Amino acid sequence: NEETEIVVNVGGVRQVFYGDKLNQYPETRLAELINCLSGGYDSIFSLCDDYDPGKREFYFDRDPDAFKCIIDVYYFGEIHMKKGICPICFKNEMEFWKVDLKFLDDCCKTHLSEKKEELEEIARRVQLILDDLGVDASESRWKKCQKYIWKFLEKPESSYPARVIAVLSFLFILISSVVMCVGTIPDLQVVDAEGNRMEHPTLDSIETACIGWFTMEYVLRLISSPNKLHFALSFMNIVDVLAILPFYVSLTLTHLGAKLMELSNVQQAVQALRIMRIARIFKLARHSSGLQTLTYALKRSFKELGLLLMYLAVGIFVFSALGYTMEQSHPETLFKSIPQSFWWAIITMTTVGYGDIYPKTTLGKLNAAISFLCGVIAIALPIHPIINNFVRYYNKQRVLETAAKHELELMELNSAEGKAASFKSELEDLEREGKDGPFCNSRLKVSHSDTFIHLLSEDKHYRTRLQSCK
């Protein structure tokens, strides 16, 4: 059996195998080919597409490029996926040849897992779109209204009014942020009866209107949310709460806090809460895909950012200690201690240079020049990986969005072709039965209104299929 020779023809590519190699993995399909020769044609054709007994050649209508990679397991004990092969198709080929995925190298498994995640993301997006388009007749009126409000507020691309609401929300965020900044200008502030400066009443009214919009938007989204707990614990929704909560807490302290504590303490608490209004600027991330992509890129770049902080920490400690030591000989030194020198090292290595602390000796200036150059290099090193993560994620999101749209178009085309075929057969049956014209026309109208999905034009149909193949 070990000296048995078989010829395998996969997609026009012939390969010769010997039993001693194939029997290393007896559970694979190629090893089963050797043992099936004595079992007759039924067992042979259960494993291959065709067989030539004269040449003892087995024929398979499979991918030859993937096959060339898979047979490496018989010679090297592992499989490497060649560049350019779809990981999902390669996985299906391995399952056909009955080769376990454990023989696939780790680097190739990473590509396979990434492709699986992409397909799952595409399926999730398609399902979300189908859920938005579908209407369940068994749902109650409140459920339908809840779904409509959720789509109206969370998905601006669903309709033109939803886009208008998204633009309004964006404008309210900008107006609120501008009012918060303008309110700190002394010329625009007014003095109350006790001589304290406070915001202008007009700006205060605009602030109240913006908070009213944010509150209404959050309450409606919370009521219409399918999963209340997940909604409440979401990061962006926590930001929304932090954006509106200081207003109501300061309002409560202003009216009720004076009875419980001193007026000065109430004012200090109100000022501290007003600082929390800066959280509303993060609400812009909800309406900006670029900010969301940047956030994801930073999350994926924690390792690079950690290296940057480590480089800077080591450099700050070394150069601040050297600067303190070298500047001690100068009578008017500004380096009083090593912890105080940390501030000089930070502003030097980050190329800020306020000038409040600077070296006065020659060795101190040389140390400052070296720390400056090291700081530039340390900051520049992790920038490239962070930019790569940003570009990769942004392009991936565009590809997934396009793939989801193509999948929906294919589903529509398949559904339309099936409906059209069934309608055509039904029409032929009516003609064979000799039905009259008016009855046939009435059946046509019923079929069109109840079951027919509009076909795309011939040009659009052809382009869609080409795009899907690509």
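The values are calculated or read from the model by the stated rules, or taken from the named source; none is laboratory data. What you see is a predicted model; the values in this text were computed from it and never measured. Neighbour counts run over all protein chains shown; Cβ positions are idealised from the backbone, glycine included. Ligands, DNA and RNA are excluded from the accessible area calculation, which covers all protein heavy atoms including side chains. Shrake-Rupley method; radii C 1.70, N 1.55, O 1.52, S 1.80 Å.
Could you tell me the accessible area of LEU312 in Å² (1.4 Å probe, neighbours in place), rounded to the nearest ten? LEU312 exposes around 30 Å² with every protein chain in place. Ordered from highest to lowest accessible area with the whole protein assembly present and a 1.4 Å probe, MET180, MET326 read as MET326, MET180. Accessible surface comparison of TYR324, TYR74, TYR358, probe 1.4 Å, protein chains only, largest first: the order is TYR358, TYR324, TYR74.
Accessible area per residue was computed with a 1.4 Å probe on protein heavy atoms; GLU401 scores about 90 Å². Computed with every protein chain present, the accessible area of LYS98 is close to 80 Å² [probe 1.4 Å]. Quick one: if the Förster radius is 45 Å, what FRET efficiency do MET236 and ARG197 give, using the C-beta to C-beta distance and rounding to 0.05? Approximately 0.85, to the nearest 0.05. In this structure, the pairs whose alpha-carbon distance is over 23 Å, taken from LYS147/LYS228; LYS21/LYS55; LYS68/LYS405; LYS83/LYS115; LYS83/LYS303, are LYS68/LYS405; LYS83/LYS303. In terms of accessible area, using a 1.4 Å probe and ignoring ligands and nucleic acids, PHE172, PHE45 rank largest first as PHE45, PHE172. Taking a sphere under 10 Å around the Cβ of ASN389 and counting the other residues whose Cβ falls inside, with K and R at +1 and D and E at -1, yields a net charge of +2.
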